[in-house]
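The values are calculated or read from the model by the stated rules, or taken from the named source; none is laboratory data. Since the structure is predicted, the reported quantities are computational estimates derived from the model, not experimental observations. Using ideal geometry, Cβ is built from the backbone for each residue, glycine included, and neighbour counts are taken over all protein chains shown. These accessible areas exclude ligands, DNA and RNA; they are computed on the full protein's heavy atoms, side chains included. Shrake-Rupley method; radii C 1.70, N 1.55, O 1.52, S 1.80 Å.
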Amino acid sequence: MQNKNVKFLVQGAVIAAMYAALTYLASAVNLAYGGVQFRFSEALTVLAAFTPAAIPGLTIGCFLGNLGSPYGMLDILCGTLATLLAALCAYAARKITLKKLPLLSMFFPVLFNGLIVGAEVAAFLPEGFTVYGYFANALWVAIGELVVCYAGGVPLVLAIERTGLKKYLQ
C-alpha cells in the first residue's frame, strides 16, 4: 500500500514541478499572465485524464506558477481554483473519449480558466470591471487555453499512448 502512496506523491510532485517551470518559461516570453495567455503548462492538464495524482500536482504547480503573477494574490487564489476545478472535472470525465483521446477532459481548463481568469483579468482593466470587459477577456483567455490544451494536449496524449507511459500513470 505504501508503494502506491509514494507513486502518487512522486507523480504529483513531478507534475507540479513541470507545470510551475513551464509557467515561468511562458512568463519569460510574456505569455503566462494577462488577457491573452498561452501557458505551455496548461497542456499538462490532460494528465488528469490519466492519473488522480495530476489533481494536486496541477493545483500546486499552478499555485507556484502564479506566485510570479502581476495580479498577485487574486491570481494565486482564483487561477489556482480554476485549475483545481478543471483537474477535478477532467479526471471525472476521463473515460469519455473519442478515438482514445480524452477531448472532453481537455475542455475543462478552457471553460474554467475562461470564466474565472477572464473575470480576474477584467477586474484589473483601467475602466474597472465591466460586462463587456469580462466577456472579452473570458473569450481571449479561453481561446489561449483552447489552443494550448488541444495543440499541446493531443500530442502529449498520443506520446503517452505510443510510448507505453500510460501504464505508469495509472
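Just checking, how many residues over region 86-120 are among the aromatic types (Phe, Trp, Tyr) and within 13 Å of Gly153 (Cβ to Cβ)?
Going through region 86-120 one residue at a time, the tally reaches 2.
Would you point out which residue out of Ala82, Ala86, Ala13 is assigned to a helix (DSSP H, G or I), open to solvent by 20 Å² or more (accessible area, probe 1.4 Å) and among the hydrophobic types (A, V, I, L, M, F, W, C)?
On the way: Ala82 fails: open to solvent by 20 Å² or more (accessible area, probe 1.4 Å); Ala86 fails: open to solvent by 20 Å² or more (accessible area, probe 1.4 Å).
Just a single option satisfies the conditions, and that option is Ala13.
Could you say whether any residue in region 65-78 is more than 23 Å from Val14 (Cα to Cα), of a type in the set (Gly, Ala, Ser) and surrounded by fewer than 22 Cβ atoms within 10 Å (Cβ to Cβ)?
Looking through region 65-78, at least one residue is more than 23 Å from Val14 (Cα to Cα), of a type in the set (Gly, Ala, Ser) and surrounded by fewer than 22 Cβ atoms within 10 Å (Cβ to Cβ).
Residues in region 41-50: is at least one at pLDDT below 95, surrounded by 17 or more Cβ atoms within 10 Å (Cβ to Cβ), under 16 Å from Asn113 (Cα atoms) and out of contact with any Pro (no Cβ under 7 Å at 6 or more places or on another chain)?
Taking region 41-50 first, the residues at pLDDT below 95 are none.
Within region 41-50, none of the residues are at pLDDT below 95, surrounded by 17 or more Cβ atoms within 10 Å (Cβ to Cβ), under 16 Å from Asn113 (Cα atoms) and out of contact with any Pro (no Cβ under 7 Å at 6 or more places or on another chain).
Which residues, taken from region 109-132, are under 18 Å from Ile76 (Cα atoms), outside any loop (DSSP other than H, G, I, E, B) and open to solvent by 80 Å² or more (accessible area, probe 1.4 Å)?
The one that is under 18 Å from Ile76 (Cα atoms), outside any loop (DSSP other than H, G, I, E, B) and open to solvent by 80 Å² or more (accessible area, probe 1.4 Å): Leu115.
Do you know which residues across region 146-170 are touching a helix residue (DSSP H, G or I) at 6+ places or on another chain (Cβ under 7 Å), open to solvent by 70 Å² or more (accessible area, probe 1.4 Å) and touching a residue at least 40 places away in the same chain (Cβ under 8 Å)?
Lys166
So which of Ser69, Ser105 ends up being hydroxyl-bearing (Ser, Thr, Tyr) and more than 14 Å from the chain's Cα centre (by Cα)?
When all the criteria are applied, what remains is Ser69.
Find all pairs meeting these conditions: Cβ atoms under 7 angstrom apart; at least six residues apart or on different chains; first residue within region 95-120 and in contact (Cβ under 8 Å) with a residue 24 or more places away in the chain; second residue part of a loop (DSSP other than H, G, I, E, B) and charged (D, E, K, R).
That search, which allows pairs on different chains as well, returns Pro102/Arg94; Ser105/Arg94.
Looking at (1) touching an Asp or Glu at 6+ places or on another chain (Cβ under 9 Å); (2) in contact (Cβ under 8 Å) with a residue 24 or more places away in the chain, which is the one condition that is false for Ala138?
Condition (1) is where Ala138 drops out.
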